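See below for the structure under consideration.
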């Protein structure tokens, strides 16, 4: 059987069982997020000034970008575990695009002398630690649940799962972090996501192989 025929056959089979894979993904995501939420509430918790923060555009934009990142990553995750979506462009770039726009607005709204302090913030190291920790449970649950998928590239699918896990961890941490500048988010949140995505790619290349 030719490779293209095999992929087509797998795609047809996955189309029939797609609801099962999607159901497994949602179940794993829910289970992982329950664990992460428990860890978050026990160790960090929502920032005490959240009501006042909601009145500022920087905090609101941070939350919107976090939600968009999670939604886009869910779609990318579903697409990545199907053999017929080999070259689909990741929707997660939408969240990155929104972040870039927010960064441009931030740079235009303040003098250059303030840029370094906005980038550094006060919670950089906490961010680098917290987001990966909050991503562990969703990453593990999703990798385990989606072993029945047939991705064209197991490593790429694992990376997509890592993006989703990191987005979930970042969304939780965003409600605790007092550094709301897009410059801070673009620097530290993305850096914190890198090891999660990398781990997802490495584990996915092994666990999602078919």
Selection count, the range 188-205, where residues are touching a residue at least 60 places away in the same chain (Cβ under 8 Å) and over 15 Å from the mean Cα position of the chain (by Cα) = 2
Residues being in a helix (DSSP H, G or I), in contact (Cβ under 8 Å) with a residue 12 or more places away in the chain and closer than 26 Å to residue 103 by Cα - total across the range 37-70 | 14
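Conditions (1) in contact with a strand residue (DSSP E or B) (Cβ under 6 Å, 6 or more places away or on another chain); (2) surrounded by fewer than 18 Cβ atoms within 10 Å (Cβ to Cβ); (3) at pLDDT 85 or above, marked per residue:
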| residue | (1), (2), (3) |
| --- | --- |
| 3 | no, yes, no |
| 35 | no, yes, yes |
| 40 | no, no, yes |
| 63 | no, yes, yes |
| 66 | no, no, yes |
| 82 | no, no, no |
Could you check residue 208 against (1) at pLDDT 95 or above; (2) buried (at least 24 other Cβ atoms within 10 Å of the Cβ) and say which number it fails?
-> (1)
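The values are calculated or read from the model by the stated rules, or taken from the named source; none is laboratory data. Since this is a predicted model, take the numbers as computed values, not measurements. Every residue, glycine among them, receives a Cβ derived from its backbone with ideal geometry; neighbour counts consider all protein chains shown.
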